[in-house]
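Have a look at the structure below before the remarks.
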Amino acid sequence: MTTEMKTPSISAVIRQAVDKCLRQNIPFALYAAPGSDHYAFMASSPTDEEYLNDYDSAEGAFEISFFAHSNPAPIVILPRYSAADVLALNDNIQYPGADTYPAIQSTSAIAYMAQVHELAKATRLMHGKVVLSRIIAGKTQGPAPVDVAMKYFEGQQDTLRYMFFTQETGLWIGATPELLVSFRPTDTSVGRGRITTMALAGTRSHSSDSADDTWDDKNVAEQQFVSQHISTCLHEAGLDTVETRNSTLRLKNVEHICSMFTTEGTAEQALKLREDLDPTPAVGGYPTDTAIEMISYFETHERLCYAGTINIRDTSGQGFNTYVNLRSMLIAPESDGDYRTAIRYNIYVGGGITASSKPESEWLETAEKASLMLDALSCSGNDSNPAITTLYDQINIETQEPSFSPSGPF
C-alpha cells in the first residue's frame, strides 16, 4: 500500500542551483529514488563528454535515452558539480539553449479517439496491443519550474521523481513508477549481482476497496502481454527467475497491475536484458516491431524522452537502476530564455490499446494520468489562468465514439 509522503522539499542551496542552471543553460539533474524523500542534485558542463559509452567510468551518472533508441547513445549528466559548486560558477557564462521546444497544439479528442477506434480493430487482428500517446500543450504564467516539480512530486513516494535539463533534451519533469531493470552487485569479484525487473500495465482510478486486486479482462490482457515479453527476454538472457504474483500498485491518483521478476546474474546479462526489454509492451506494444510501426504512423508528435529510459549509476559505477520515463512533461520558457515570465509545456500521457479498448474510456484514462501534472502547473494559485482552464475543459469534454476512422495500413 502506498505510504503518503510529506510535502517534498529541497534545500535553499539546491533551489538556487536549479534556478541558476536554468538561467545559464547548465545541464543538471535533480531526483529522488522510489521510497525516498532525499533529493540528489548533480550538474555538468556542456563541454563535458556528451555521449558516454564506457559504462565502467560513469560512476553516479544520470543517463537519458529517447523512446525506441532514437538517440544513438545515452545523453549523460555527469556528477561534476554539486549545488554549491554551481553557485560558485561565473554568473556571466551563458551556454546555448535547448535544441527541443514544446509543440504548440494538443492532440485533439476526436483525433485520439479515432486512432483508438482504428487501433482496436488492428490489435484484434494481430492479437496484441499498441500503446498510443497524446500531448497536452499549453502555457502558463507564474510558477517557477522547480515549484511545478515540487508540487507534482507531492505524495508520489513510490515513483522516481526527477527534473533534468540538457541541451539535447530541454527541461523535463516527471514521476515514473516503472522500473525497467535494476542491477545490484553481490559478488564484485565475479561481477554477479541481483537483477530485478517489473511488469507494470493496466490502469484504473483508485478502487473504493483498498484490498481489491480484481481487475477486468482488458487490463489483465494488457498485463499479460508485458509479463510474457519479460519472461521471453529473461530466458534469452540465460536467466532463471522468480516472479511474484500480480498485485495492485496504488499511486496517488491511479492504480496499476504489477508483478516483479528477480534473479541472479552478471552485469552483462543485466545489460542485455535492458536492451532487449526497451521498449517494453507497457510503452510500445506487442509484437514490438509492429506496434512501433503503428505508433510512428498514428502519432503526429515526437515522443523524445517520453517512454524512453532514465538510468542512474551507483557511485561504484557497477550497479544501476533503469526506469521507463512515464508521466512526464517537457517545459520551455515562453520567450527570451526566461522561465520566470511564462512557460510552455507538453504533457505526455498514453494508454495501451487492445481489441476491447473503448475510445472514450481510453481518452478519460489519459486525462486521469495528466491530472496531477495539470494541477502542478497551476500551483501559482491562479485558478483563472486561461491556458490551464482550457485544458481542463478539453480533457473532461463529453464525447462519443467516432463514426469514422483514419485511412492507412493499420
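The values are calculated or read from the model by the stated rules, or taken from the named source; none is laboratory data. Computed from a predicted model, the values in this text were never measured in an experiment. Here Cβ is always computed from backbone atoms with ideal geometry, including for glycine, and neighbour counts include all displayed protein chains. Just so you know, the surface numbers come from the protein's heavy atoms only, side chains and all, with ligands and any DNA or RNA stripped out. Shrake-Rupley method; radii C 1.70, N 1.55, O 1.52, S 1.80 Å.
Structure values in brief
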item	result
Euclidean distance of C-alpha centroids, the stretch 62-79 and the stretch 250-287, integer Å	18
Relative contact order, percent, the chain [alpha-carbon distance under 8 Å, six or more residues apart]	26
Cut-off under 5 Å, modelled amide H: who pairs with Gly170 long-range	Asp99, Thr100
Most positive-pole-ward Cα, Ala98, Gly285, Ile347, against dipole of the chain from beta carbon charges	Ile347
With every protein chain in place, the stretch 241-312: carbon and sulfur % of accessible area (1.4 Å)	49
Of Lys252/Lys272; Lys151/Lys369; Lys218/Lys252; Lys20/Lys369, those spanning more than 26 Å from alpha-carbon to alpha-carbon	Lys252/Lys272; Lys20/Lys369
Candidates Ala199, Ala43, Ala114: whichever shows maximal mean-square fluctuation once the chain is modelled as a Gaussian network with Cα springs under 10 Å	Ala114
Where labels lie 7 Å past Cα in the beta-carbon direction, separation of Thr232 and Asp338 in nm	5.4
Among Ala58, Ile331, Gly128 - extreme Cα towards positive end, dipole of the chain, charges at beta-carbon	Ile331
Segment Glu268-Gln105, extension gain: residue separation times 0.36 nm, minus the distance between their alpha carbons	54.4 nm
Projected label distance in nm at Lys121 and Thr214, using a 7 Å step from Cα toward the beta-carbon	3.5
Å² of accessible area per residue within the chain, as computed with a 1.4 Å probe and no ligands counted	41
Whole-percent carbon and sulfur share, accessible surface of the stretch 153-199, 1.4 Å	44
Amide H within-cut-off set for Leu180, under 5 Å, with H built and near neighbours excluded	Thr322, Tyr323, Val324
Top of Ser227, Ser316, Ser328 by mean-square fluctuation, Gaussian network on the chain, Cα under 10 Å	Ser316
Among (i) 1.32; (ii) 1.03; (iii) 0.96, the entry derived from the coordinates for Cα Rg over 2.2 N^0.38 Å	(iii)
Cα-derived Rg to Rh of the stretch 82-140, Kirkwood definition	1.33
Normalised contact order of the stretch 51-128, rounded percent, pairs of Cα under 8 Å and 6 or more residues apart	21
Length released on extending from Ser205 to Thr188, taking residue separation times 0.36 nm less the Cα-Cα span	1.8 nm
HN-Hα J in Hz across the stretch 196-207 - Karplus 6.51, -1.76, 1.60, θ = phi - 60°, x for Gly and Pro	10, 9, 9, 9, 10, 7, x, 9, 8, 5, 4, 6
Highest-MSF residue in the chain out of Thr280, Thr197, Thr263 [GNM, Cα springs under 10 Å]	Thr263
The chain, helix-only ellipticity at 222 nm - DSSP H runs n ≥ 4, -39,500 (n - 2.57), divided by all residues, nearest 500	-9000 deg cm²/dmol
Gly128 long-range amide H proximity, modeled H, under 5 Å	none
Karplus-derived HN-Hα couplings along the stretch 143-152 (A = 6.51, B = -1.76, C = 1.60, θ = phi - 60°), whole Hz, x at Gly and Pro	x, 6, x, 5, 6, 4, 4, 5, 5, 5
